[in-house]
């Protein structure tokens with residue numbers, strides 16, 4: 001019986017993880033859960049899965065949940081202190097980190113130090129602190145198992161192969177809801193337009209990131225750390241059908257790819273049961289029905305987010321934190337309809353241009369840069 005914890009259990013990745021736990025209840029057991037403010041869903045999860053402890057980010061939500069679940073005798077913790085406590089929970093083998101934002105860095109570090117394997121679905125952890133996380137995982141003999149669809153595909157395509165013989169990673173992108181659009185068309189795009197992803201069902205923030213191609217930029221930085229390759233070895237390929245989830249080219253020109261229907265449960269389940277595969281209900285790829293697969297270069301002039309990510313990664317140090325934090329704040333403002341779609345990339349670019357880079361920032365410095373960047377974005381919007 002594998003014991004798992006889930007940070008972000010009420011979100012898209014968290015709820016799909018629990019679907020897998022439900023299907024394989026004889027092999028998987030949830031021992032700890034954490035969420036933001038969705039008290040109603042967390043209560044339902046507590047009653048169904050009977051975890052040993054749960055965390056709500058806000059104390060207000062935690063207090064409400066304690067009242068609702070007084071009959072369960074399950075401790076309800078709150079805030080970062082609560083996250084850190086359950087991240088090192090003794091009765092846990094794997095921690096699924098599915099929180100959105102840099103809130104996931106400290107719990108992930110704590111879990112690694114406690115010897116827990118990490119099923120990683122929190123991009124910001126490696127984007128901003130990869131220089132801390134990867135050496136720490138190696139030191140403690142901990143596995144970092146990618147849950148993101150593209151990184152899982154790369155990971156699967158490397159099984160049985162020598163990492164030293166990797167020539168190039170081909171990171172696929174759907175192109176998002178605005179693929180093929182030009183700048184003039186994007187000026188009038190609204191939140192509702194950006195949330196209409198053609199292939200994937202995801203959270204609001206990541207769906208906007210897909211529309212700007214910032215999400216693919218974050219994945220480039222993440223891939224650099226996960227697979228120990230240079231940025232020049234990572235090539236983004238737009239593949240609108242989202243059937244090939246990513247590919248790896250080797251030194252002899254051979255290319256390994258992982259294909260499948262767009263379904264996040266596959267990479268989640270692969271991470272939970274690695275190195276085994278288990279049956280998974282869902283749609284299968286019908287190549288007769290599919291007919292063809294197409295590939296394009298990303299439009300970096302129209303969608304500046306991807307080019308800015310490469311720039312941030314090449315500069316390194318604290319610059320990826322600025323890239324990430326500026327985007328996070330700008331996307332929140334866009335979702336609140338306070339800025340336009342094109343302003344997201346403009347805000348990221350402005351924040352990056354004004355930042356004085358720290359070479360190898362500590363966690364405290366990363367979080368300080370995050371806060372400074374948030375304040376810079378707010379100042380820009382007020383101008």
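The values are calculated or read from the model by the stated rules, or taken from the named source; none is laboratory data. Remember, it's a predicted structure, so these values are computed and weren't measured experimentally. As a convention, Cβ positions derive from the backbone with ideal geometry for all residues, glycine included, and neighbour counts pool all protein chains shown.
Look at the range 153-180 and say how many of its residues are over 13 Å from residue 247 (Cβ atoms) and surrounded by 23 or more Cβ atoms within 10 Å (Cβ to Cβ).
Of the residues in the range 153-180, 2 are over 13 Å from residue 247 (Cβ atoms) and surrounded by 23 or more Cβ atoms within 10 Å (Cβ to Cβ).
Quick test for you: out of 331, 381, pick the one residue that is in a helix (DSSP H, G or I), surrounded by 23 or more Cβ atoms within 10 Å (Cβ to Cβ) and touching a residue at least 12 places away in the same chain (Cβ under 8 Å).
Unique residue meeting the criteria: 331.
In a helix (DSSP H, G or I), buried (at least 19 other Cβ atoms within 10 Å of the Cβ) and at pLDDT below 95: does that describe residue 308?
no
Please give the strands (runs of 3 or more DSSP E) falling wholly within the range 114-181 in which 1 or more residues are free of Cβ contacts under 8 Å to residues at least 40 places away in the same chain and closer than 22 Å to residue 88 by Cβ.
It comes to 117-120.
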